[in-house]
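Chemist: First, the structure itself, so that you have it in front of you.
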Amino acid sequence: MAIASINPATGETIRTFEALDDAAIEASLARASSAFRVNRERSFAERATRMRRTAELLELRKNDLGRLITIEMGKPVKAAVSEVAKCATTCRYYAEHAEGYLADEPVKTDAKESFIRYEPLGPVLAVMPWNFPFWQVFRFAAPALMAGNVALLKHASNVPQCALAIEEVFRDAGFTDHEFQTLLIGSQQVESIIGDERVRAVTLTGSEPAGASVASIAAKHIKKAVLELGGSDPFIVMLSANLDEAVATAVKARIVNNGQSCIAAKRFIIHESIADAFEKRFVSAMESLKVGDPLDESTDIGPLATPQIVDDIESQVNQSVAAGAHLLTGGKRLGARGNFYAPTVLAQIPYDAPAAREETFGPVASLFRARDVDEAIRIANDTPFGLGASVWTIDRAEMDRFIAGIDTGQVFINAMVASDPRVPFGGTKHSGFGRELSAYGIREFVNVKTVWVG
Ligand code: NAP
């Protein structure tokens with residue numbers, strides 16, 4: 001894929017970039033290695049000062065950076081500005097909590113003294129996706145830098161300006177020894193970087209094929225990998241739920257980021273006794289959404305990030321309809337230019353149709369009906385993915401059955417699934433392994449050293 005900023009609302013190419021050559025990559029790896037010697041020796045307080053300054057700069061620049069996000073990948077600008085602000089919150093969160101999360105932990109043993117120490121590993125490579133071009137990077141980089149590691153970013157090829165802007169923010173905030181470097185490279189250049197002995201670990205957020213490839217390269221070189229991959233999250237509405245709130249949140253949860261979020265609700269599993277009412281209100285709400293210019297603050301849904309994503313979503317919808325699914329609304333491209341696709345709702349979907357089995361990365365909702373809790377859990381788990389789940393019920397016994405029965409990394413009750421620096425984020429099954437955020441995230445890329453004093 002060429003490294004280029006192409007406005008998804010217009011198709012206009014804004015800037016193109018040459019990929020780094022081998023000599024430039026070698027220079028970056030050498031800089032990362034010396035930067036690690038600097039950052040690991042810094043105190044938590046020194047790292048925290050830089051991380052707090054990073055937060056300040058993000059807040060100062062959030063409008064310009066938000067606009068840049070929108071122009072490169074099409075997210076509505078209000079959401080893009082909020083994304084930058086969330087990165088600032090997370091920088092502050094780790095500035096405050098990293099030292100406590102990584103403090104020596106005494107352990108009672110037969111030794112005179114024994115404890116666990118958390119030490120940084122070194123340069124960590126992050127292979128990141130375009131859908132949250134700032135948030136995905138910061139939720140890796142803030143804990144990694146606070147732990148004393150250094151970061152190498154290979155960002156998605158369609159968001160190079162975001163990638164460079166992030167590097168600039170860290171540098172301007174005082175990470176001036178190349179503790180964070182953006183490498184403008186193609187995916188075929190990732191293997192040799194993982195294989196380099198100076199790089200100690202890799203984290204990838206993206207699709208299953210990319211995750212499988214990167215994890216197998218990491219395994220070959222005996223290196224730690226964290227994978228945050230796709231999802232087909234269920235959104236379950238039971239009889240006792242507040243239907244108005246459930247419908248309003250269902251729409252929001254499906255169209256977040258123009259439908260291109262790993263934790264967007266994709267499969268809506270509704271108790272059969274309220275399914276007709278839910279369907280009617282949900283379809284009407286999806287039809288009333290404003291699709292259009294993502295730079296207009298009143299827009300609900302902007303363009304999909306690339307023409308390929310529109311082709312993929314169109315093919316998934318068409319194949320599902322051909323297999324017998326009912327198209328309740330949408331199912332077509334919109335506009336004369338740009339990557340626009342109509343909010344779409346499908347029902348009565350055969351179990352093996354793409355809208356039931358695959359991740360739909362666009363504004364396409366799949367509706368299912370369930371007789372009871374057991375059937376709702378069965379449908380929820382009938383997917384290769386296990387990222388998140390949202391359940392709507394006020395019945396405590398039902399809640400407990402869903403919490404225990406759903407095989408995902410997170411279950412949200414009467415709320416939409418969201419990431420938050422205070423709680424761990426990650427998946428089961430094909431959604432990946434490892435965790436980001438909270439204490440779990442910062443401990444992914446550290447050496448857990450046992451110290452035993454006899
Ligand atoms: P993608 O095609 O897998 O790309 C993600 C990143 O991986 C990009 O930087 C890409 O580089 C790189 N890449 C692709 N193939 C690679 C390979 N064989 N070796 C090394 N690097 C490779 O995914 P995407 O379409 O950008 O992102 C959407 C996917 O990410 C969805 O499945 C979504 O659910 C998932 N996602 C998951 C989470 C989570 O936290 N679980 C969060 C956000 C998104 P190029 O751009 O140069 O190809």
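The values are calculated or read from the model by the stated rules, or taken from the named source; none is laboratory data. Worth saying up front: this structure is predicted, and the values here are computed from it rather than measured. No Cβ is skipped: glycine too gets one built from the backbone with ideal geometry, and neighbour counts run over all protein chains shown.
Chemist: Name the residue that is farthest from L153 (Cα to Cα), counting only residues in the stretch 16-29 that are surrounded by 12 or more Cβ atoms within 10 Å (Cβ to Cβ) and touching a residue at least 60 places away in the same chain (Cβ under 8 Å).
Modeler: Across the stretch 16-29, the extreme among qualifying residues is F17.
Chemist: Can you find, within the stretch 259-311, the residue that is nearest to A4 (Cα to Cα) among those that are among the polar types (S, T, N, Q) and in a loop (DSSP other than H, G, I, E, B)? Break it down stepwise before answering.
Modeler: Kept after step one, since they are among the polar types (S, T, N, Q), are these residues of the stretch 259-311: 260-261, 273, 284, 288, 298-299, 306, 308.
Keeping just the survivors that are in a loop (DSSP other than H, G, I, E, B) gives 260-261, 273, 288, 298-299, 306.
Numbers: Q260: 20, S261: 22, S273: 50, S288: 34, S298: 28, T299: 25, T306: 11 Å.
The extreme case among them is T306.
Chemist: Looking at this structure, is A389 within 16 Å of the ligand (Cβ to nearest atom), closer than 11 Å to P234 by Cα and at pLDDT 95 or above?
Modeler: Details: within 16 Å of the ligand (Cβ to nearest atom): yes; closer than 11 Å to P234 by Cα: yes; at pLDDT 95 or above: yes.
In short, yes.
Chemist: Identify, please: which residue in the stretch 212-230 is under 23 Å from D312 (Cβ atoms) and touching an Asp or Glu at 6+ places or on another chain (Cβ under 8 Å) and is, among those, farthest from the ligand (Cβ to nearest atom)?
Modeler: The extreme case among them is L229.
Chemist: Continuing with the same structure: Checking the structure you have, find out if any residue of the stretch 340-357 is in a helix (DSSP H, G or I), within 16 Å of the ligand (Cβ to nearest atom) and either basic (K, R) or farther than 29 Å from G409 by Cβ (or both).
Modeler: Within the stretch 340-357, one or more residues are in a helix (DSSP H, G or I), within 16 Å of the ligand (Cβ to nearest atom) and either basic (K, R) or farther than 29 Å from G409 by Cβ (or both).
Chemist: Quick one: which of A225, A165 is in contact with a Leu (Cβ under 8 Å, 6 or more places away or on another chain) and part of a strand (DSSP E or B)?
Modeler: Working: A165 fails: part of a strand (DSSP E or B).
Of the residues listed, the single one that is in contact with a Leu (Cβ under 8 Å, 6 or more places away or on another chain) and part of a strand (DSSP E or B) is A225.
Chemist: So if I check each of V448, V453, V411, V423, which one is under 25 Å from A85 (Cβ atoms) and more than 11 Å from the ligand (Cβ to nearest atom)?
Modeler: The match here is V423.
Chemist: Of E167, E83, which residue is at pLDDT 95 or above, under 21 Å from the mean Cα position of the chain (by Cα), farther than 16 Å from R40 by Cα and more than 14 Å from the ligand (Cβ to nearest atom)?
Modeler: Working: E83 fails: more than 14 Å from the ligand (Cβ to nearest atom).
So the residue among E167, E83 that is at pLDDT 95 or above, under 21 Å from the mean Cα position of the chain (by Cα), farther than 16 Å from R40 by Cα and more than 14 Å from the ligand (Cβ to nearest atom) is E167.
Chemist: Could you grab me the full set of residues in the stretch 326-350 that are at pLDDT 95 or above, surrounded by fewer than 22 Cβ atoms within 10 Å (Cβ to Cβ) and of a type in the set (A, V, I, L, M)?
Modeler: Scanning the stretch 326-350 gives L327, L328, L334, A342, A347, I349.
Chemist: Listed residues I25, I14; which is β-branched (V, I, T) and within 16 Å of the ligand (Cβ to nearest atom)?
Modeler: Values: I14 fails: within 16 Å of the ligand (Cβ to nearest atom).
Answer to the selection: I25.
Chemist: Taking I194 as the residue in question, decide whether it is part of a loop (DSSP other than H, G, I, E, B), farther than 17 Å from S34 by Cβ, of a type in the set (A, V, I, L, M, F, W, C) and out of contact with any Phe, Trp or Tyr (no Cβ under 8 Å at 6 or more places or on another chain).
Modeler: Working: part of a loop (DSSP other than H, G, I, E, B): no; farther than 17 Å from S34 by Cβ: yes; of a type in the set (A, V, I, L, M, F, W, C): yes; out of contact with any Phe, Trp or Tyr (no Cβ under 8 Å at 6 or more places or on another chain): yes.
In short, no.
Chemist: Quick check on the stretch 432-441. Is at least one of its residues surrounded by 15 or more Cβ atoms within 10 Å (Cβ to Cβ), of a type outside the set (K, R), at pLDDT 95 or above and over 20 Å from G386 (Cα atoms)? First the steps, then the outcome.
Modeler: Step one: list which residues in the stretch 432-441 are surrounded by 15 or more Cβ atoms within 10 Å (Cβ to Cβ), which gives 432-441.
Narrowing further to those that are of a type outside the set (K, R): 432-434, 436-441.
Now drop any that are not at pLDDT 95 or above, which leaves 432-434, 436-441.
Right, trim to over 20 Å from G386 (Cα atoms) and you get 439.
Scanning the stretch 432-441 turns up at least one residue that is surrounded by 15 or more Cβ atoms within 10 Å (Cβ to Cβ), of a type outside the set (K, R), at pLDDT 95 or above and over 20 Å from G386 (Cα atoms).
Chemist: I'd like to verify a number: residues in the stretch 299-316 that are within 9 Å of the ligand (Cβ to nearest atom) and among the charged types (D, E, K, R), how many? So that I can check it myself, show each step before the final result.
Modeler: Step one: of the stretch 299-316, the residues within 9 Å of the ligand (Cβ to nearest atom) are 305-306, 308-309.
Retained after the next criterion (residues that are among the charged types (D, E, K, R)): none.
Of the residues in that region, 0 qualify.
Chemist: Quick one: M128 ticks every box in (1) within 9 Å of the ligand (Cβ to nearest atom); (2) farther than 19 Å from G441 by Cβ; (3) hydrophobic (A, V, I, L, M, F, W, C) except a single one, so which number is it?
Modeler: (2)
Chemist: Taking only the stretch 254-285 into account, find how many residues are under 24 Å from the mean Cα position of the chain (by Cα) and either of a type in the set (A, V, I, L, M) or within 16 Å of the ligand (Cβ to nearest atom) (or both). Please lay out each step first, then the result.
Modeler: Just the residues of the stretch 254-285 that are under 24 Å from the mean Cα position of the chain (by Cα), to begin with: 254-269.
Of the ones still in play, those that are also either of a type in the set (A, V, I, L, M) or within 16 Å of the ligand (Cβ to nearest atom) (or both) are 254-267, 269.
Of the residues in that region, 15 qualify.
Chemist: What's the number of the condition P234 fails, among (1) surrounded by fewer than 17 Cβ atoms within 10 Å (Cβ to Cβ); (2) more than 20 Å from W130 (Cα to Cα)?
Modeler: (1)
Chemist: Inspect the stretch 205-217 for any residue being in the same structural domain as F368 (by TED's automatic domain parsing) and surrounded by fewer than 21 Cβ atoms within 10 Å (Cβ to Cβ) and give the result as yes or no.
Modeler: Initial filter on the stretch 205-217 (in the same structural domain as F368 (by TED's automatic domain parsing)): none.
Within the stretch 205-217 (the criterion being in the same structural domain as F368 (by TED's automatic domain parsing) and surrounded by fewer than 21 Cβ atoms within 10 Å (Cβ to Cβ)), the answer is no, since none of the residues qualifies.
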